[in-house]
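Engineer: Pasting a structure here, questions to come.
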Amino acid sequence: MNSDILNFWKGHDPGRIAFEHDGYKITYNNLAGNIAKRVTYFQQIGIREFDHVALSISDQMDYIEMFLALWCINATIIPIDFQISPSNFWKIIKESDTHYLITNNIKYFNEIKRYDFQNHNLKKVVLIGENKIEVTDVNFDENKISWLAEQKNTENSGFFILFTSGTSGDSKGVVLKKESFINNVHKVISYTELQDTDILLMTLPLSYSFALSQVCAHLIVGGKIILSVNNVYNSLTLFDIKEKKVTNYSATPYFYETLVKELEAKKEAMDVGNLRFFMNAGGYINPTIIEEIVKRFSSVTFYNNYGQTEACPRISYNRFDINTTDFKGVGKPLAGVEVKILGDDGMEVENNTIGEIVYKSEDLMLGYYKKNVLDSDQYFLSGDLGYISNSNLVIVGRKDSILKINGRKVYKNYIENSIFELPYVSNVKLKKERHSIYGEYFCAYVVPKDSDDNHTIIDKIYEFCKKNFNSYERPKKIVICKEIGLSSNKKVQLRL
């Protein structure tokens, strides 16, 4: 399996376009040559198999070529979002036992002497400039070995480490086996029926496990990947999809929510040309949104995936089209994956009973870096809530999306979905907040659609909640927002 990504260009037409980026087209033959040159250079500066190499590159094409070159060397790759804060950046460098840092951010290159790297692994910092490459040596501890090297069950296929904040905000290094990752990619190729004629439009950050999975899937089948330079997540994306003859597009729920609201306002059909399918790239999505998408784009399939970075990343999927009548759920688990629902007592519950989703997967991560190595036979606690109905896994939300008010459970997504469907609401997100006397409650952050003044909209929402929710379910505060946007890793941010 590991060789699939190392030799992806073999068997493909060498003249076929592999990537299109910022006006440039790169054939599979060009890509292979560029990667080979980078492999040679990386080896010349000392990078060897199993060395930990952090990669923070803002140029998408450079990033992919370097990522694949490091994969060929079988280095342990640590992709880092180039938009994270300097303090978080250096924290990851130290926690991941990085030996080599490759970046095109001159600030990181210049700041290296400001940080305390006592008892660390960092050997060299490599600055990738427009016309030259600079290398700085760092005084590392020659006797210090990485946490991975200390483990007895490491594999020759190698690893990469993705740092994710999750919902807690605490950075965790998810150690993924390359072989398991590629195994999971092949499952995606199978259920989406990817072929060499497929064209992917990529707007997700490439340090994101889902984005890496999609890129690798298209490389393996010999497809084409368009790396978008437009940082927009609305209906304008549809013009790119049509113009560039894109056959599949993946996005977070935020994009689909925004798209549906914009299309409702425009009251006009949008042509998406050759598009075969949309795909949810992670997170809970309102079933009403999926239904609206397939109704408006009747020739397009919608894949609703469930996954986590820890799962490499897919766990299950569901397929929806114009003939679908029930838009709930993320389907049955993929081959090699088992899913159960546990109650508060840790025991498995009956069908149609909400509890925590736990899963066992052949593609599960090795563990969290410097924290644990998982038993391949154990069930992993997802932190997500859901239930199983007629073999269909239905996601309810994160465990922290539940509040207990005087012993009664309140589900965030149920309330959020209901408010979202109001004709005068453009977008809404609920957040848990705490009152010093009354405890936890939900605050509804709302982006209005019409021109009513804020007080009128707030009054309308309060009245709707009073009629439709139990008293303990109602948001206790409503705040009007200008926009609900996305952070660099495509997570929701509120802009008041």
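Engineer: Just give me the residues in segment 300-323 being exposed (fewer than 15 other Cβ atoms within 10 Å of the Cβ) and touching a residue at least 12 places away in the same chain (Cβ under 8 Å), in sequence order. Can you show your working first?
Structural biologist: So the first thing to find is which residues in segment 300-323 are exposed (fewer than 15 other Cβ atoms within 10 Å of the Cβ), and the list is 319, 321-323.
Within segment 300-323, Arg319, Asp321, Ile322 meet the criteria.
Engineer: Give the residue, chosen from Leu385, Leu393, Leu381, that is surrounded by fewer than 16 Cβ atoms within 10 Å (Cβ to Cβ) and among the hydrophobic types (A, V, I, L, M, F, W, C).
Structural biologist: Numbers: Leu385 fails: surrounded by fewer than 16 Cβ atoms within 10 Å (Cβ to Cβ); Leu393 fails: surrounded by fewer than 16 Cβ atoms within 10 Å (Cβ to Cβ).
Unique residue meeting the criteria: Leu381.
Engineer: Return the only residue of Leu101, Leu70 being crowded, with 24+ Cβ neighbours inside 10 Å, of a type in the set (A, V, I, L, M, F, W, C) and not in a helix (DSSP H, G or I). Lay out the reasoning, then the answer.
Structural biologist: Numbers: Leu70 fails: not in a helix (DSSP H, G or I).
Checking each option against the conditions leaves just Leu101.
Engineer: Would you confirm, using the coordinates I've provided, whether Ser58 is at pLDDT below 95 and part of a helix (DSSP H, G or I)?
Structural biologist: Details: at pLDDT below 95: yes; part of a helix (DSSP H, G or I): no.
No.
Engineer: Tell me which of these Lys332 doesn't satisfy, since it passes every other one: (1) surrounded by fewer than 20 Cβ atoms within 10 Å (Cβ to Cβ); (2) in contact (Cβ under 8 Å) with a residue 60 or more places away in the chain; (3) in contact with a Pro (Cβ under 7 Å, 6 or more places away or on another chain); (4) not polar (S, T, N, Q).
Structural biologist: Lys332 satisfies all of (1) surrounded by fewer than 20 Cβ atoms within 10 Å (Cβ to Cβ); (2) in contact (Cβ under 8 Å) with a residue 60 or more places away in the chain; (3) in contact with a Pro (Cβ under 7 Å, 6 or more places away or on another chain); (4) not polar (S, T, N, Q) except (3).
Engineer: Do any strands (runs of 3 or more DSSP E) lying entirely in segment 234-343 carry at least 1 residues that are in the same structural domain as Leu206 (by TED's automatic domain parsing), charged (D, E, K, R) and under 20 Å from Gly397 (Cα atoms), and which ones are they?
Structural biologist: Ranges flagged: 314-320, 337-342.
Matching residues to (1) out of contact with any strand residue (DSSP E or B) (no Cβ under 7 Å at 6 or more places or on another chain); (2) part of a helix (DSSP H, G or I):
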residue	(1), (2)
Lys371	yes, no
Tyr414	yes, yes
Lys429	no, no
Arg434	no, no
Cys443	no, no
Ile457	no, yes
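Engineer: Continuing with this model, one more query. Can you tell which of Leu238, Leu227 is more than 21 Å from Asn184 (Cα to Cα) and in contact with a Ser or Thr (Cβ under 9 Å, 6 or more places away or on another chain)? Please lay out each step first, then the result.
Structural biologist: Working: Leu238 fails: in contact with a Ser or Thr (Cβ under 9 Å, 6 or more places away or on another chain).
Selected residue: Leu227, the only one of Leu238, Leu227 that is more than 21 Å from Asn184 (Cα to Cα) and in contact with a Ser or Thr (Cβ under 9 Å, 6 or more places away or on another chain).
Engineer: Any chance you could count how many residues in segment 256-274 are basic (Lys, Arg) and without any contact (Cβ under 8 Å) to a residue 60 or more places away in the chain? Walk me through how you get there before you give the answer.
Structural biologist: Filtering segment 256-274 for residues basic (Lys, Arg) gives 261, 266-267.
So of that shortlist, the ones also without any contact (Cβ under 8 Å) to a residue 60 or more places away in the chain come out as 266-267.
Residues flagged as basic (Lys, Arg) and without any contact (Cβ under 8 Å) to a residue 60 or more places away in the chain within segment 256-274 amount to 2.
Engineer: Out of everything in segment 125-140 that is in a loop (DSSP other than H, G, I, E, B) and not aromatic (Phe, Trp, Tyr), what residue ends up being nearest to Ile47 (Cα to Cα)? Spell out the reasoning first.
Structural biologist: Of segment 125-140, the ones in a loop (DSSP other than H, G, I, E, B) are 129-132, 138-140.
Filter once more, keeping what is not aromatic (Phe, Trp, Tyr): 129-132, 138-139.
Numbers: Gly129: 19, Glu130: 22, Asn131: 22, Lys132: 19, Val138: 14, Asn139: 16 Å.
Once the filter is applied, the top-ranked residue is Val138.
Engineer: Let me ask you something else. How about segment 276-299: which of its residues are over 30 Å from Lys178 (Cα atoms) and touching a helix residue (DSSP H, G or I) at 6+ places or on another chain (Cβ under 7 Å)?
Structural biologist: Matches in segment 276-299: Asn286, Thr288, Ile289, Glu292, Ile293, Arg296.
Engineer: Would you point out the residue of segment 396-414, among those that are crowded, with 16+ Cβ neighbours inside 10 Å and under 30 Å from Glu95 (Cβ atoms), that is farthest from the chain's Cα centre (by Cα)?
Structural biologist: Step one: of segment 396-414, the residues crowded, with 16+ Cβ neighbours inside 10 Å are 396-398, 401-403, 405, 410-413.
So of that shortlist, the ones also under 30 Å from Glu95 (Cβ atoms) come out as 397-398, 401.
Working: Gly397: 16, Arg398: 16, Ser401: 19 Å.
Result: Ser401.
Engineer: Taking Ile290 and the conditions (1) without any contact (Cβ under 8 Å) to a residue 24 or more places away in the chain; (2) crowded, with 22+ Cβ neighbours inside 10 Å, which numbered condition does it fall short on, given that it satisfies the others?
Structural biologist: (1) is the only condition that Ile290 fails.
The values are calculated or read from the model by the stated rules, or taken from the named source; none is laboratory data. Keep in mind the model is a prediction, meaning the values are calculated, not measured. Cβ atoms come from the backbone with ideal geometry, glycine included; neighbour counts cover every protein chain shown.
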